[in-house]
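Engineer: Please read through the structure below; I'll follow up with questions.
The values are calculated or read from the model by the stated rules, or taken from the named source; none is laboratory data. Owing to the predicted nature of the structure, the values given are computational and were not obtained by experimental measurement. Virtual Cβ from ideal backbone geometry, glycine too; neighbours counted across all protein chains shown. When the accessible area is computed, the model is the full protein with side chains, heavy atoms only, and any ligands, DNA or RNA have been set aside. Shrake-Rupley method; radii C 1.70, N 1.55, O 1.52, S 1.80 Å.
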Amino acid sequence: EIVVSASDDKTARLWDARAKGGESMCMDHDFQVTAVAYAEDTHMVYTGGIDNLITAWDIRQGSEKKFALKGHKDTVTYLSLHPKGTHLLSNSMDGTVKSWDIQPFVSGKNRLYKTFTGATHNAEKGLLKCAWSPDGSMVTAGSADRIVHIWDEPSTEELYYLPGHTGCVNTVVFHPKENVIASGSSDKSIYVGELGQ
């Protein structure tokens, strides 16, 4: 019943369907917000935008900023939480997909965990998505090169390079139980493919 939205009006908003009027919190930013993720179990909201930063907000303490994740060199286009809630995956127009350690007691300021390379962005500047496999062992991301890229999470090596789309791959998602992936593209098609064991 909780939804978090990102907006060009430089805000992220928390909406509670149970509350009168719907909106229950506003998180103000200095720049447009292009990506958002909500960790219900820890009450944290993560936002990314054109300032190249990912900001963590603790909604139990109002709209208080907890920390910022620095490492992208261009707009953050999507955020995805690890199935166990321990890491955050981000896709960026800088051509990288990064995972971040968001556990509460990380020592030091650098929470950057891993970087996955190979996916691209182009002049269309689309908000390309990224996703974890259900067990967290693989990651995938949308890419302007018309390819579905899938990486091994532990090693960051590319496991699968799946051609077929004739337009930018905007969204990718793993099946929750089967070894299957689906991708949606600007070519107006959705491909579903089975991955090897």
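Engineer: If you go through segment 153-174, how many residues are over 13 Å from Ser137 (Cα atoms), assigned to a loop (DSSP other than H, G, I, E, B) and among the hydroxyl-bearing types (Ser, Thr, Tyr)?
Structural biologist: Matching residues across segment 153-174 total 1.
Engineer: Here's a follow-up. When you go through (1) free of Cβ contacts under 8 Å to residues at least 12 places away in the same chain; (2) within 30 Å of Leu159 (Cα to Cα) one by one for Ser107, which number turns out not to apply?
Structural biologist: (2)
Engineer: Further question on the same structure: For segment 38-52, enumerate the residues that are of a type outside the set (Ser, Thr, Tyr) and either open to solvent by less than 40 Å² (accessible area, probe 1.4 Å) or within 15 Å of the chain's Cα centre (by Cα) (or both).
Structural biologist: Across segment 38-52, the qualifying residues are Ala39, Met44, Val45, Gly48, Gly49, Ile50, Asn52.
Engineer: Where in segment 25-123 are the strands (runs of 3 or more DSSP E), entirely inside, with at least 3 residues that are of a type in the set (Asp, Glu) and within 27 Å of Arg146 (Cβ to Cβ)?
Structural biologist: none
Per-residue answers, yes or no, for (1) touching a Gly at 6+ places or on another chain (Cβ under 7 Å); (2) polar (S, T, N, Q):
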| site | (1), (2) |
| --- | --- |
| Glu124 | no, no |
| Leu128 | yes, no |
| Trp132 | no, no |
| Ser143 | no, yes |
| Trp151 | no, no |
| Pro154 | no, no |
| Glu157 | no, no |
| Tyr160 | no, no |
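Engineer: Something else: Kindly evaluate Leu128 against the criterion of being under 24 Å from Ala37 (Cα atoms), modelled with pLDDT of 95 or more and aliphatic (A, V, I, L, M).
Structural biologist: No; evaluated as a whole, the condition is false for this residue.
Engineer: Tell me whether segment 119-127 contains one or more residues that are without any contact (Cβ under 8 Å) to a residue 12 or more places away in the chain and exposed (fewer than 14 other Cβ atoms within 10 Å of the Cβ).
Structural biologist: Checked against the condition, which is being without any contact (Cβ under 8 Å) to a residue 12 or more places away in the chain and exposed (fewer than 14 other Cβ atoms within 10 Å of the Cβ), segment 119-127 yields at least one hit.
Engineer: Would you confirm whether any residue within segment 139-152 is small (Gly, Ala, Ser), more than 20 Å from Asp74 (Cβ to Cβ) and without any contact (Cβ under 8 Å) to a residue 60 or more places away in the chain?
Structural biologist: No, every residue in segment 139-152 fails to be small (Gly, Ala, Ser), more than 20 Å from Asp74 (Cβ to Cβ) and without any contact (Cβ under 8 Å) to a residue 60 or more places away in the chain.
Engineer: Right, something else. If you check every pair at least six apart or on different chains, which have Cβ atoms under 8 Å apart with a residue in segment 166-179 that is basic (Lys, Arg) first and a residue that is modelled with pLDDT of 95 or more and open to solvent by 50 Å² or more (accessible area, probe 1.4 Å) second?
Structural biologist: Lys177/Pro134
Engineer: OK, next. Could you please give the count of residues in segment 28-49 that are in contact (Cβ under 8 Å) with a residue 24 or more places away in the chain and closer than 23 Å to Leu128 by Cβ?
Structural biologist: 14
Engineer: Of all residues in segment 53-104, how many are polar (S, T, N, Q) and open to solvent by 40 Å² or more (accessible area, probe 1.4 Å)?
Structural biologist: 3
Engineer: Right, something else. Tell me, yes or no, whether segment 21-37 has at least one residue that is farther than 22 Å from Pro154 by Cβ, touching a helix residue (DSSP H, G or I) at 6+ places or on another chain (Cβ under 7 Å) and open to solvent by 50 Å² or more (accessible area, probe 1.4 Å).
Structural biologist: No.
Engineer: A follow-up question, please. So for segment 176-192 (the condition being modelled with pLDDT of 95 or more, buried (at least 16 other Cβ atoms within 10 Å of the Cβ) and under 30 Å from Asp58 (Cα atoms)), does at least one residue qualify?
Structural biologist: no
Engineer: Of the numbered conditions (1) at pLDDT 95 or above; (2) in contact with a Lys or Arg (Cβ under 7 Å, 6 or more places away or on another chain), Asp94 satisfies every one except a single condition; which is it?
Structural biologist: Only one criterion in (1) at pLDDT 95 or above; (2) in contact with a Lys or Arg (Cβ under 7 Å, 6 or more places away or on another chain) is unmet by Asp94, namely (1).
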